[in-house]
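Q: Shown below is the structure under consideration.
Just so it is clear, none of the values below were taken in a lab; they were calculated from the coordinates. All values derive from a computational prediction rather than experimental measurement. Here the Cβ is made from the backbone with ideal geometry for all residues, glycine too, and neighbour counts use every protein chain on show.
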Amino acid sequence: MQYYKPVIKEFTLAEKNEKNGLFQFIMELADGSKCRIFYSKNPDWKATHIARLNVTPCPVCKKDFICNCMEKFLDVLDQQIKDRELFQAALAK
């Protein structure tokens, strides 16, 4: 039962290590939540981890500290990134 539907509002590159194919991006979601999402690119983009930044309480469990709720939505967010071609836009900046 997943009642929460995250929508990516902004997607920016935070860090990259092209030699190892590791990238970190910061996402702001439509509800104001911020997350850091980790990707490897060898040779295709693959989401490896997501962490909510403790800027606002978690939109799922409402906790104001570290939780793993966003892991449940990794596939949904990854699909949005790929469908909207957000990698290309973030890397072009």
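Q: So if R0 is 30 Å, what FRET efficiency would Glu18 and Lys62 give, r being the distance between their Cβ atoms, rounded to the nearest 0.05?
A: Numbers: r = 38 Å, r/R0 = 1.27.
Using R0 = 30 Å, I get an efficiency of 0.20.
Q: How would you rank Tyr3, Tyr39, going from fewest to most other Cβ atoms within 10 Å of each one's own Cβ? Walk me through the numbers before you get to the answer.
A: On the way: Tyr3 5, Tyr39 19.
By the 10 Å Cβ count, ascending, the order reads Tyr3, Tyr39.
Q: Which pairs in the list Lys9/Lys63; Lys41/Lys62; Lys62/Lys93; Lys41/Lys72; Lys19/Lys62 are over 29 Å apart, alpha-carbon to alpha-carbon?
A: Values: Lys9/Lys63 22 Å; Lys41/Lys62 33 Å; Lys62/Lys93 33 Å; Lys41/Lys72 21 Å; Lys19/Lys62 38 Å.
Where the Cα-Cα span goes over 29 Å, the pairs concerned are Lys41/Lys62; Lys62/Lys93; Lys19/Lys62.
Q: Which order do Ser33, Ser40 fall in if you start with the one that has the fewest other Cβ atoms within 10 Å? Show your work: numbers first, answer last.
A: On the way: Ser33 21, Ser40 15.
Final ranking by Cβ density, sparse to dense: Ser40, Ser33.
Q: Applying 1/(1 + (r/R0)^6) with R0 = 25 Å to the Cβ-Cβ distance of Ala51 and Ala92, what FRET efficiency is obtained, to the nearest 0.05?
A: On the way: r = 25 Å, r/R0 = 0.98.
That gives a FRET efficiency of 0.55.
Q: Then there is this: Taking only the alpha carbons of the chain, what extent do you get along each of the three principal axes, in Å, biggest first?
A: 38, 24, 24
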